[in-house]
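Worksheet: the structure to be examined is printed underneath.
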Amino acid sequence: MKVLVPVKRVLDYNVKVRVKADGSGVDLSNMKMSMNPFDEIAIEEAVRLKEAGTATEVVAVSIGVPQAQDTLRTALAMGADRALLIQSDQDLEPLSVAKLLKAVVAEEQPTVVILGKQAIDGDNNAVGQMLAALLDWPQATFASKVEIAGNKATVMREVDGGLQTIEVDLPAVITVDLRLNEPRYASLPNIMKARKKPLDVKEAASYGVDIAPRLQVLKVAEPAKRKAGIKVEDAADLVMRLKNEAGVL
Amino acid sequence: MAVLIIADHDNHAVRDTTHKSVTAAAGLSGDIDILVLGQGARAAADAAAKITGVRKVLLAESPALGAMVAEAVEAVVLPLMAGYDALLTPATSAGKNVAPRIAAKLDVAPISDIVEVIDASTFTRPIYAGNALETIKSSDAKKVITVRPTVFAAAAEGGSAAVEVVSAAGDAGKSRFVSEETVKSARPELGAARIIVSGGRAMGSADEFKAVLEPLADMLGAAIGASRAAVDAGYAPNDFQVGQTGKVVAPDLYIAIGISGAIQHLAGMKDSKVIVAINKDPDAPIFQVADYGLVGDYKTLVPQFSAELQKMGN
């Protein structure tokens, strides 16, 4: 069973986000970039499936600028077997990403696609669901537990009221949530080994799919800042102020 | 132009996220229909029909729709979209699950988590955990949108739209509902609560989390929330999580106890009307957004706070 794991290169989650002065976007120049944390969880899950003998091969794929090769090397160091970069300088929308991934699925014929439920830059939470739709595959989103047996996956999902378990026929798309696993750190020997693992590069245009943008970004702005309030003396002062000043009790 | 809204409901009533989505939809069009998907959801459909500004309510019922299985939802919604220019749904876990799937089938770019409707094609939405707001214009003929409910006012009630039953013939195909573990609680739901008390990693254990937060929540009639750190550590269930990747809330009063205020937590609660922080670290980032900060150990401060509340006769 082959597992395909799409990963995205994003602004590192520890870096302070700065909006460009001209309102054209978020400043990414000379910033630390890393693998989307949800995608790290997806890679970890795929590698564990391989370690358990359920999966035979883990293929990581990224779509983006040439530097996304670094992100793929991280995936390889965590245990993916090989990687594919679909190169594009354009900032692709989830619909375009899903269409390119559909083309990759046609080539690679994976049994499962596992990916993060959302990327922490665009926060769209869309690619997995869209890929499943385009492939006419079932989807199991926001996974907090995945069990694969035979031609079925049983997935426990994080939903608003608690946890929901569904069963999907394979092939399927699974998007992962925070509590699925704790991703490993790549060891130095594995980082060295990852340099020798195969990493193919293809141009997005070579897939011949429509990746023209549908959304035009008119502006990017900083949200209104909430101003800091006051430190109160003690619990009595707090209750008094909540009642008389804020009027919320 | 007509808009279809997938309702958020519990079979008996519609949640106010639905009313808020009606307000958002009114920025696109005056012709607003609500689709209630469920099993035994007639009462919810009748409730939806009372929302002011709703033209009609469509009701589709099946066991798979009761569990909001994405493939079953798609089978009902997709054919209906021939008659609509936009599909809206509150950005709940069910809404986020189904909206992009339907968008892909319609070959349109979904627009997630909008916080402002500028015109029928232009919307503002948070990116980077709410650290930036992007305004985007869609060139798609049909729009598929999830709505962040906390920022829109709830549409009033007083309407009397007709309820029409539509076919739920399509099945979920390759996807089946197995089971659901929902937390039964007498407390209000996080998304709808007027007051939320929230705990962080400082609690140190699940027992301590309960012992500190539950009595206070019950005294205030509040819902209980948690930081991601507290959920990851197993002190609180996942559906308590407030933050960028959990629930986004905006109650009248949000009380953060032992929560440092990581960016991703702030993204989920900074629109609350009044924020109280109780934390022993005076430099914790939570104090930068709190209206009222109380510095000290929650172990002494929370009992004092409860005692003062009781004195006030709350």
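The values are calculated or read from the model by the stated rules, or taken from the named source; none is laboratory data. Just so we're clear, the structure is a prediction, and the values are computed from it rather than from any experiment. Quick reminder, even Gly has a Cβ in these numbers, built from the backbone with ideal geometry, and neighbours come from all protein chains shown.
Below are the figures for this structure:
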quantity: The lone exception for A:ASP121 - which of (1) within 7 Å of chain B (Cβ to nearest Cβ); (2) closer than 23 Å to B:ARG101 by Cα; (3) surrounded by fewer than 19 Cβ atoms within 10 Å (Cβ to Cβ) it fails; calculated: (3)
quantity: In the range A:135-154, residue surrounded by the fewest Cβ atoms within 10 Å (Cβ to Cβ) [restricted to those that are of a type outside the set (D, E, K, R) and within 9 Å of chain B (Cβ to nearest Cβ)]; calculated: A:THR154
quantity: Flag if B:GLU164 is more than 30 Å from A:LEU178 (Cα to Cα) and of a type in the set (Asp, Glu); calculated: yes
quantity: Search result, residues across the range B:86-131 that are more than 21 Å from B:ALA2 (Cβ to Cβ) and of a type in the set (Ser, Thr, Tyr); calculated: B:THR92, B:SER93, B:SER112, B:THR124, B:TYR128
quantity: B:SER205 being crowded, with 17+ Cβ neighbours inside 10 Å and farther than 23 Å from B:ASP10 by Cα; calculated: no
quantity: Of all residues in the range A:202-211 being in a loop (DSSP other than H, G, I, E, B) and more than 9 Å from chain B (Cβ to nearest Cβ), the one that is surrounded by the fewest Cβ atoms within 10 Å (Cβ to Cβ); calculated: A:GLY208
quantity: Filter result for the condition that a residue is within 27 Å of A:VAL26 (Cα to Cα), surrounded by fewer than 17 Cβ atoms within 10 Å (Cβ to Cβ) and either more than 7 Å from chain A (Cβ to nearest Cβ) or not aromatic (Phe, Trp, Tyr) (or both), over B:ILE136, B:ILE118; calculated: B:ILE118
quantity: In the range B:256-314, residue nearest to B:VAL151 (Cα to Cα) [restricted to those that are among the hydrophobic types (A, V, I, L, M, F, W, C) and exposed (fewer than 15 other Cβ atoms within 10 Å of the Cβ)]; calculated: B:MET312
quantity: Selection from the range A:70-110 of residues that are under 15 Å from the mean Cα position of the chain (by Cα) and outside any loop (DSSP other than H, G, I, E, B); calculated: A:THR71, A:LEU72, A:THR74, A:ALA75, A:PRO94, A:LEU95, A:VAL97, A:ALA98, A:LEU101
quantity: Residue in the range B:156-176 that is in contact (Cβ under 8 Å) with a residue 40 or more places away in the chain, closer than 30 Å to B:ALA67 by Cβ, within 13 Å of chain A (Cβ to nearest Cβ) and surrounded by fewer than 17 Cβ atoms within 10 Å (Cβ to Cβ) present; calculated: yes
quantity: Considering residues of the range A:172-188 that are in a loop (DSSP other than H, G, I, E, B) and of a type in the set (Ser, Thr, Tyr) only, the residue nearest to the other protein chains (Cβ to nearest Cβ); calculated: A:TYR185
quantity: Positions within the range B:113-148 being touching a residue at least 24 places away in the same chain (Cβ under 8 Å) and among the polar types (S, T, N, Q), in sequence order; calculated: B:ASN131, B:SER138, B:THR146
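This table checks each residue for (1) at pLDDT below 95; (2) touching a Lys or Arg at 6+ places or on another chain (Cβ under 7 Å); (3) buried (at least 24 other Cβ atoms within 10 Å of the Cβ).
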{"site": "B:MET1", "(1), (2), (3)": "yes, no, no"}
{"site": "B:LEU4", "(1), (2), (3)": "no, no, no"}
{"site": "B:VAL14", "(1), (2), (3)": "no, no, yes"}
{"site": "B:SER29", "(1), (2), (3)": "yes, no, no"}
{"site": "B:ARG42", "(1), (2), (3)": "no, no, no"}
{"site": "B:ASP46", "(1), (2), (3)": "no, no, no"}
{"site": "B:ILE51", "(1), (2), (3)": "no, no, yes"}
{"site": "B:VAL57", "(1), (2), (3)": "no, no, yes"}
{"site": "B:LEU78", "(1), (2), (3)": "no, yes, no"}
